[in-house]
1. Evaluate the Kirkwood expression for the hydrodynamic radius of region 283-434, namely the inverse of the mean inverse distance over all pairs of different C-alpha atoms, and round to one decimal in Å.
2. About the Cα centre of region 203-303, how large is the charge dipole given +1 on each Lys and Arg Cβ and -1 on each Asp and Glu Cβ? Please answer in debye to the nearest 20.
3. What aspartates and glutamates sit close enough to residue 177 to cross-link, taking a C-alpha to C-alpha distance under 17 Å and skipping anything fewer than 8 places away on the same chain?
4. So for 269, 250, fewest C-beta neighbours within 10 Å to most, what's the order?
5. Give a quick list of chymotrypsin sites (Phe, Trp or Tyr not before Pro) in region 97-203 that DSSP marks as loop, anything other than H, G, I, E or B, with at most 15 other Cβ atoms within 10 Å.
6. May I ask what percent, to the nearest 5, of DSSP beta bridges between residues of the chain are antiparallel?
7. With just the Cα atoms defining each centre, how far is region 242-261 from region 1-63? Give it in Å.
8. Take 166, 7, 12 and order them by how many other Cβ atoms sit within 10 Å, fewest up front.
Amino acid sequence: MIRQKYSNEIGSADYGTEVTVAGWIEDVRKLGSVAFIILRDRAGTLQVTALKKEMPIEQFKEFTSATRESVVSVRGIVQQSAQARNGYEILPKEVKVLNLAAAPLPLGVVDKVEADMDTRLDNRFIDLRKPNVQAIFKIRSAVIQAGREYFAQNKFIEVHTPKIISASSEGGTALFKVKYFENDAYLAQSPQLYKQMMMATGLDRVFEIAWYFRAEEHNTRRHLNESTAFDIEMAFINDETDVMNTLEGLVHYIWKYVAENCQTELKTLGKEVKVPTLPFARVSYDDALKLLAERGRNIEWGGDIGTEDEKLLGDIMKENGQDFYFITRYPLAAKPFYAHPEGDKARAFDLEYCGMELSSGAQRVHDPKLLEERIAAKGLNPKDFEAYLKAFKYGMPPHGGFGLGIERILMEMLGQDNIRECILFPRDRTRISP
Ligand code: AMO
């Protein structure tokens, strides 16, 4: 291999021994016959101290004149050094410049002045070389790892449902249409209909790390046109509280996992993760309206709790020490056709964090007749849902589930202002490249 060890894997046990390291040249400081090169790899940086007399002259020249961000591999002796950042330096015996970087760079990696978002996203591959940007994606990987662990412990089976679909699941307005041979098809807004159909199979508990495609035209700091989520569906539930218990357990597991396993990345970001206590508060929609009315915000029953009011409710809950809370039992009209009715309300909930929606879920309608009625009541045509409805006619248990946005988790957990920070290549109203 071109690399034997990462910068953080080298320690006092290696002093005096030979090691091969590799990475990007962050900085070169030349002082005549000696040069100090800062090499960066995934784990951090290390100092290479190149002495002209200790290595072939051609290599010394090539190495010390290489442009910033060029990729190199260095074989050399590890030596203790009080001056070097991590207590050691590498004295090279052999250096290979594997690829020279063009200059000037479109985006600096160690610049003090932060580039604007568009420049960063246009050059995302370099942006991602910054330790603080990389830390978000290392934590993202840990979040997904934690989710998978939690689901396995709770007997969920991972599934993958189609992303090219024939009918909407989350309302007709926000679909991307695609040409499917001689027909029209759509990109899936969520796995909703398929994960429900899984409940008719006897698999009982399924999860998917799902892609959502939503043609929402607004350009906000918390919406993407392509996003990811933990999506689950579980059968043989009593009502939506069984689903809420599973959701809060998952959130707790993820926060705890990150607090325990991502200290290095959290330090890089200057963030702390506070593990929440269970259970999370549960506020009915009706009570949420009362709490808001007490602060002078009057929402008519049935109305949407808009972004501003959602934020205010978040502040009120925080005053009571509740960062996480459920809003439960929404008006039926405010929830999709698949949410189970309870009078004029739905057995549906949202999970909020400080005024930001992280998840929504519900017990679903499992009676095929009622489901058809609910589809029609939403002004949709049951004929468009034939394949879905069929799964309800031959033995469908009571069931429910949720979708929990992965970028929203990261955004709130890591205090990021813009959701674009939490996905590698964001898709928004104006961006489809890179
Ligand atoms: P919903 O539409 O509320 O529910 O989505 C679930 C969660 O996914 C995240 N999310 C988004 N994140 C970023 N950009 C977007 N445009 C976006 N849209 C959604 C949010 C949200 O809470 N089928 C239901 C879930 C269910 O009932 O199982 C659904 O899709 O965090």
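1. 17.5
2. Using only the charged Cβ atoms, the result is roughly 620 debye.
3. Answer for residue 177, where 17 Å is the Cα cut-off: 216, 217, 226, 384, 428, listed by chain and number.
4. Numbers: 269 19, 250 24.
Fewest to most other Cβ atoms nearby, the residues stand as 269, 250.
5. Loop-located and lightly packed - 176, 181.
6. If we restrict to bridges inside the chain, about 90 percent are antiparallel.
7. Here the two parts' Cα centres lie 42 Å apart.
8. On the way: 166 16, 7 20, 12 10.
The fewest-first ordering by Cβ neighbours comes to 12, 166, 7.
Each reported figure results from applying straightforward, stated rules to the coordinates on display, with no laboratory input. For clarity, every value in this text was computed on a predicted model and none was experimentally measured. Ideal geometry is used to build each Cβ from the backbone, glycine not excepted, and the neighbour counts take in all protein chains shown.
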